[in-house]
């Protein structure tokens with residue numbers, strides 16, 4: 001990561017014009033729960049409210065959907081992914097970060113060093129058609145079901161961005177979809193949302209510890225790319241934001257714009273958890289929009305969320321100590337999949353919830369009234 005943001009932009013965009021937004025210098029950390037610089041009660045746009053302009057259906061201002069430089073499919077999705085078994089993946093390093101996905105016992109890993117060049121993998125995991133997506137501009141990952149109504153579609157890169165975030169298009173209707181929102185923002189299906197599937201952003205060695213029989217996406221993508229080179233260089237840690245985003249100034253007041261956070265949404269309530277706080281705490285007992293949640297981190301740079309259960313009228317609280325997750329009320333021990341493996345509650349499971357990991361500036365751009373968890 002030696003190159004700066006401008007160098008990264010040049011590699012990605014070639015001769016295409018682009019804007020560079022500098023978030024400035026570090027600011028003091030937030031002391032309240034609401035992101036500083038944002039008024040309480042300010043709600044994000046109603047992304048399901050459809051507007052028609054010159055015959056075009058959309059849910060966001062059309063002038064905020066901007067070109068990222070490449071044409072549609074200029075960043076090619078992987079539509080026929082090839083996999084290797086974990087024991088045969090000599091091309092992987094233990095520290096490689098992957099998107100880990102497990103559905104119905106089918107475990108697969110998608111290295112970010114491959115996804116940085118493709119951004120979307122159309123796959124079928126455990127019999128479920130999915131789109132595994134990654135936007136390097138805001139370090140956001142998300143996994144969606146790609147069944148729209150009664151038909152399965154593929155997703156491709158549109159070449160557009162909204163709030164510096166990947167805008168996908170579905171090949172069934174050509175509708176534009178925001179990765180960060182999981183919602184259609186322009187086109188025939190504007191206002192509709194995609195179903196999300198919980199996943200992990202995790203190092204390869206840690207993922208293999210959980211899923212020894214995992215498959216891993218290989219570089220046999222049908223395209224020639226420098227998969228050992230990250231074209232974004234130092235962009236991941238500096239203060240520059242290449243494309244326009246909402247609330248860029250306000251985001252600076254709470255934390256570094258590229259602080260990695262875990263975004264959580266429930267019933268119109270939004271909350272951001274710093275990845276570092278999740279790792280330091282091990283287990284965070286909280287509530288968002290009235291939903292009791294547990295955010296737990298058993299591995300560096302990774303976290304999961306669950307709905308905390310109520311047992312005999314008591315809402316369970318959890319502690320993570322010496323690599324053991326246990327509830328305070330019964331002392332039952334739970335594994336990283338949310339299953340009680342010993343104690344009075346052995347055999348009981350918690351529902352896993354989807355998180356939205358990514359850079360802080362991206363989360364607050366889409367969710368200006370978000371709360372920020374403070375330990």
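The values are calculated or read from the model by the stated rules, or taken from the named source; none is laboratory data. A quick note: this is a predicted structure, and the numbers were derived from the prediction, not measured. Cβ coordinates were reconstructed from backbone atoms using ideal geometry, including for glycine residues, and neighbour counts include every protein chain displayed.
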Exception for residue 279 within (1) modelled with pLDDT of 95 or more; (2) surrounded by fewer than 22 Cβ atoms within 10 Å (Cβ to Cβ); (3) farther than 18 Å from residue 360 by Cα falls at (3)
Screening 94, 156 for residues that are under 18 Å from the mean Cα position of the chain (by Cα), on the phi < 0 side of the Ramachandran plot and either in a strand (DSSP E or B) or modelled with pLDDT of 95 or more (or both) leaves only 156
Of all residues in segment 338-353 being assigned to a loop (DSSP other than H, G, I, E, B) and touching a residue at least 40 places away in the same chain (Cβ under 8 Å), the one that is farthest from the chain's Cα centre (by Cα): 350
Of the residues 182, 149, only one is surrounded by fewer than 24 Cβ atoms within 10 Å (Cβ to Cβ), assigned by TED's automatic domain parsing to the domain that holds residue 60 and in contact (Cβ under 8 Å) with a residue 40 or more places away in the chain; which? 182
Single match in 107, 89 (criterion: within 23 Å of residue 230 (Cβ to Cβ) and either in contact (Cβ under 8 Å) with a residue 24 or more places away in the chain or touching a strand residue (DSSP E or B) at 6+ places or on another chain (Cβ under 6 Å) (or both)): 89
Looking at 276, 249, 191, which one is more than 23 Å from residue 75 (Cα to Cα), without any contact (Cβ under 8 Å) to a residue 24 or more places away in the chain and either touching a strand residue (DSSP E or B) at 6+ places or on another chain (Cβ under 9 Å) or not assigned by TED's automatic domain parsing to the domain that holds residue 163 (or both)? 276
Segment 172-189, residues that are closer than 28 Å to residue 230 by Cα and in a loop (DSSP other than H, G, I, E, B): 179, 180, 181, 182
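Yes/no matrix, rows are residues, columns are (1) in contact with a strand residue (DSSP E or B) (Cβ under 9 Å, 6 or more places away or on another chain); (2) buried (at least 16 other Cβ atoms within 10 Å of the Cβ); (3) touching a residue at least 40 places away in the same chain (Cβ under 8 Å):
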site	(1), (2), (3)
227	yes, yes, yes
230	no, yes, yes
237	no, no, yes
240	yes, yes, yes
258	yes, yes, yes
When residue 371 is run through (1) under 27 Å from residue 98 (Cα atoms); (2) outside the structural domain of residue 280 (by TED's automatic domain parsing); (3) in contact with a strand residue (DSSP E or B) (Cβ under 7 Å, 6 or more places away or on another chain), the failure sits at (1)
